[in-house]
Each structure stands twice: as structure tokens, then as C-alpha cells.
Amino acid sequence: MIRQVAVWSTTMLCALTLAGFSDAGHRRGSGCCAVAPACCATACAPAVQYVERQVTCYRPQMVEQTVTQQVTRCVPTQENFSYTVNVPVMRQEKRAQTVMVAQQKEIQVPVTVCVPVTTNETRTVTQYTPTSRVVEYTYNVMVPETVQRKVLSTTFQCVPKQVSVSVPVCRMVPVQCTDSCGNCYTSCRPVVEYQQCTRTIVERIPTTQEVTVNEVVCRAEARKGQRTVCEMVPSQQQVTVPVTRMTTQQQMVKRVVCEMVPQQQEVMVNVCSFETRQQTGTRTVYRAVTENVTQKVMVCQMVPYTTTVQVAVPCGTGCCQ
């Protein structure tokens, strides 16, 4: 509503302004517009005034209302029903069955056994007897000899030499400074300068000359020596040794064996059978029931209210009228 009032006010202001300009054009020969048309275009524009007016607006508001609606709910009821069950019944019956009974008896069986037989036999054996003897052998030894020979040797001589180098030198220089409060003070700052100085260095100059050196040379020399060796000398002789051999023999032995003998006997067994029986029970059944229920709900309604707004109204006085 406020937006509509503002649009209406702007439209009316534009209409009145155009009307004032048109009227001023028709009456250009009178007033200040006849003397100064430019002044009339700026000074004779219609003035705008704002007046207060009462307007009616609407706002949403939640209101509680009582409504009646249908509600479906489940109502439990008890009912009787019959059903069939199978009931197990146990009874005893006599039945004939065959069982195996173990019986022992003694029997004779032939077996083959190995019997050891020892006999004396003559055999030829070889024995080894250790024998020591001295033998000569030749071996080589390395004999060192000193031999002089000439070789070239390089030596270095140290020669001093003067060189000029630049050396960095750091010194403290006083500098006038001003702090943040405007006070002057003197501080020392390091300054690095390079100065020329003379330095003595040593150069190594190589010199080659011929020198005589002693060299040790090993020479192989054959020599003879003696050593004792041990040899095994074989000798044969006849000896008598006992020899045992296994001989097979047939013998009769007794053994006890177990045999399974079938026997018939009557036993009582439990037999389970099922019988059909009718039984009655109670169960709960839910049925849908529709009924009218009155309840309170919140409803959104537009509620009118009165407010004061300022509306732009063009002024009716001016130099162009």
C-alpha cells in the first residue's frame, strides 16, 4: 500500500510539473518569463509540499479457529477362532533286531621264522703297516740382493714473492641522527673500506735432478734338503672269523581270534506319532472407524490497520502563474 501511494505521488508530481511548463509557455509574454526565459525555466519550477494522510494497510496475523474434520483410527476387538494342531504321541513297541556278539577261540596257524646260525670261516685280510724313510727333495728360496741404479727425482724449492692485495678494513664513523622527537644525537656506524697492502707468498719451483738409489731385488736359488716320509706297507694273512646267517623254518603256533556271531533279540523302542486336534484361541483384530473430531488450528488472516504516511503535493504559487 505504501509503495502504491509513493507511485501515485510521483505520477501526480510529474503531471503537475508538465502542466506548469505548458501554462508557462502559453503565457511567455507576461512576468519574468518575458524578460528572462532561462530564469523562468529554473526559478519558476512548481514547489513540492508533503502532507500527512491516513491510509489503511493489511498485515498477516495468525488466528486460532475451531474446525471439525473426519479422523480414521483403528479400534481393537477380541474374537474367538479355532485352529488345528498336530500333537506328538509317544508309545513303546517290541521289535526284533540282529546284534553281533564277539566270541573268542584258539586256533593253530603255520608261521615262517628266521633262526640265526653261526659258523667259523677262514678269510684273507690285508693289513697296512706304517714305515718311515728319509728322502731328498729340491726347493727354491728367494735371496735378496741390493742393486744401485740412477733415477730422476723432482724436488721443489720455496721462493718468497711480494704481492699487492686489497684488504677490507672496517672502522666506526660518527653520524648525526635525529630521533622521532626531533632530538639530535651522534651514533657510530661501521664503514668498510678497501686498502692496498703488501703480502709475502711462497712459490714452489720444481727442480729435476738425477740421483742414485738402492733397490732390493730377490733372486731365486735352488737348494736340496732331506725329509722323513711315512708309507703304509700292505701285508696279507689268513684269519678265522665267525659268520652268522639267518635260516628260515616252518613252525605251528597258537593264536586267539575273535569272531562276530549274529544273534536275534527283542527290544523295546519308542515310536513317535502325530495326532490331529482342534483347539480354540482368542486374537485381537483392528478395524478402521471414522469419526468427526473438533480441534483448534492456526489460520493466517490479513488484518487491516490505519497508519499515517507523507504524500507529495505540488504547490500552486510561483512567478510563472
Checklist line | Condition broken by Ala96, with the remaining ones in (1) surrounded by 10 or more Cβ atoms within 10 Å (Cβ to Cβ); (2) within 30 Å of Met260 (Cβ to Cβ); (3) not charged (D, E, K, R) satisfied | finding: (1)
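Here are Val147, Val115: which of them is surrounded by 10 or more Cβ atoms within 10 Å (Cβ to Cβ) and out of contact with any Leu (no Cβ under 8 Å at 6 or more places or on another chain)?
Unique residue meeting the criteria: Val115.
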Next item on the list: Among the numbered conditions (1) of a type outside the set (S, T, N, Q); (2) within 30 Å of Thr308 (Cα to Cα); (3) touching a Gly at 6+ places or on another chain (Cβ under 8 Å), tell me where Tyr83 comes up short.
Entry: (2)
Check: Looking at region 62-75, is at least one residue of a type outside the set (Asp, Glu), in contact with a Cys (Cβ under 8 Å, 6 or more places away or on another chain) and surrounded by 10 or more Cβ atoms within 10 Å (Cβ to Cβ)?
Finding: yes
Next item on the list: Return only the number of the condition from (1) polar (S, T, N, Q); (2) within 60 Å of the chain's Cα centre (by Cα); (3) under 30 Å from Glu215 (Cα atoms) that Thr154 does not satisfy.
Entry: (2)
Next item on the list: Would you confirm whether any residue within region 174-185 is outside any strand (DSSP E or B), exposed (fewer than 10 other Cβ atoms within 10 Å of the Cβ), over 60 Å from the mean Cα position of the chain (by Cα) and of a type outside the set (Gly, Ala, Ser)?
Entry: yes
Check: Of Lys150, Lys105, Lys161, which residue is of a type in the set (Lys, Arg), part of a strand (DSSP E or B) and closer than 30 Å to Lys254 by Cβ?
Finding: Lys105
Item checked: Set Val256, Val233, Val241, Val217: member being β-branched (Val, Ile, Thr), in contact with an Asp or Glu (Cβ under 8 Å, 6 or more places away or on another chain) and within 30 Å of Gln127 (Cβ to Cβ) -> Val241
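Read-outs throughout are calculated quantities, based only on the coordinates presented, and are distinct from any laboratory measurement. Note that the coordinates shown come from a computational prediction; the quantities given were computed from them, not determined experimentally. For neighbour counting, all protein chains shown are included, and Cβ atoms are generated from backbone atoms with ideal geometry for every residue, glycine included.
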